[in-house]
Structure formats: C-alpha cells, structure tokens
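Following: one structure in structure tokens, then a few remarks.
Nothing in this text is a laboratory measurement; each read-out follows from the coordinates by a stated rule. The shown structure was predicted, so the numbers you read here are calculated from the model rather than taken from an experiment. So basically every Cβ, Gly included, is an ideal-geometry build from the backbone, and we count neighbours across all protein chains shown.
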Amino acid sequence: MDAAPLTKAGSPIPPMPERNPKALRAAIAAHAPELLPDFDAHWKRDIADTYDLAPVPAFMARWWTEYALARDPRLDGRVRELEDRAAECTDPAEARALLEEAAHLRRKAGETEPGR
C-alpha cells in the first residue's frame with residue numbers, strides 16, 4: 001500500500017470530502033480555513049440569497065478545485081509560482097506556456113475524486 005502524500009510540514013494531505021457543499025465546507029473549515037470567508041460569501045451571494053440552485057454545479061467545481069489545491073501546499077505553491085512567473089513574463093509565448101501548465105494543474109486538481 002502506498003503511503004499518503006505529505007505536505008511541506010510532513011503531515012498527510014487530507015483526502016477530498018464527499019462531493020457536496022456541506023462536506024466541502026467542513027473540509028475547508030478543518031484543513032484550509034483561510035478559504036472559508038470567501039467560500040461562505042460566494043455561497044451567500046450566489047445561492048443562499050437568491051434561492052437559486054442552478055449555480056451549485058459551477059460553485060462546487062470552483063471550490064472543489066480551490067480546496068484540492070489548498071490542501072496540498074506543494075501543488076498550490078507550484079500553481080501560484082507558475083501564475084506569478086507568467087504575470088512577470090515579457091515573452092507572450094512563455095507566459096502562455098506557464099499559464100497553460102498552471103491551468104493543467106488546476107484541472108487535474110479539480111478532477112480529484114472524493115477520498116483521494
């Protein structure tokens with residue numbers, strides 16, 4: 001059996017929760033509390049205050065990816081590094097390549113299944 005991946009601090013990366021807003025919020029509160037104010041504000045603005053459930057899939061996609069990155073500081077750092085380098089880059093082709101790599105990592109994080 002493979003060992004669980006570790007964070008920079010040496011603790012195991014927490015698994016992804018069940019794929020629903022309540023479980024995702026609980027995971028964010030426990031493992032990435034710095035995301036919680038924005039998560040709650042987004043939920044309130046786009047779903048709770050409107051009583052419209054249509055945005056829930058897009059909301060979940062965004063915050064699933066945000067949590068998948070935040071729970072893994074190494075991956076999160078790599079994505080931010082790529083985006084920062086692209087922002088400072090003067091060569092459009094290089095900037096595009098950096099952003100494409102960051103987007104690829106974000107997509108892969110967003111595809112992480114519950115329990116992984």
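Only one residue in T65, T90 is more than 11 Å from the chain's Cα centre (by Cα) and polar (S, T, N, Q). Which one?
On the way: T65 fails: more than 11 Å from the chain's Cα centre (by Cα).
Exactly one residue qualifies, and that residue is T90.
Just one of the numbered conditions (1) over 16 Å from the mean Cα position of the chain (by Cα); (2) closer than 25 Å to S11 by Cα; (3) not hydrophobic (A, V, I, L, M, F, W, C) is not true of P33; which one?
(1)
For the stretch 72-104, how many residues meet the condition of being of a type in the set (A, V, I, L, M, F, W, C), in contact (Cβ under 8 Å) with a residue 24 or more places away in the chain and surrounded by fewer than 16 Cβ atoms within 10 Å (Cβ to Cβ)?
0
Determine, yes or no, whether T112 is assigned to a loop (DSSP other than H, G, I, E, B), surrounded by fewer than 16 Cβ atoms within 10 Å (Cβ to Cβ) and not aliphatic (A, V, I, L, M).
Values: assigned to a loop (DSSP other than H, G, I, E, B): yes; surrounded by fewer than 16 Cβ atoms within 10 Å (Cβ to Cβ): no; not aliphatic (A, V, I, L, M): yes.
Criteria not met by T112.
Looking at (1) surrounded by 12 or more Cβ atoms within 10 Å (Cβ to Cβ); (2) aliphatic (A, V, I, L, M); (3) farther than 20 Å from R116 by Cβ, which is the only condition A32 fails?
It is condition (3) that A32 fails.
I'd like to verify a number: residues in the stretch 72-90 that are outside any helix (DSSP H, G or I) and among the acidic types (D, E), how many?
Looking only at that region, the number is 1.
Filter the stretch 53-71 down to residues that are in contact with a helix residue (DSSP H, G or I) (Cβ under 8 Å, 6 or more places away or on another chain) and not in a helix (DSSP H, G or I) and give me whichever is surrounded by the fewest Cβ atoms within 10 Å (Cβ to Cβ).
L53
Based on what the data block shows, is R45 in contact (Cβ under 8 Å) with a residue 12 or more places away in the chain and either of a type outside the set (G, A, S) or surrounded by fewer than 17 Cβ atoms within 10 Å (Cβ to Cβ) (or both)?
On the way: in contact (Cβ under 8 Å) with a residue 12 or more places away in the chain: no; either of a type outside the set (G, A, S) or surrounded by fewer than 17 Cβ atoms within 10 Å (Cβ to Cβ) (or both): yes.
Criteria not met by R45.
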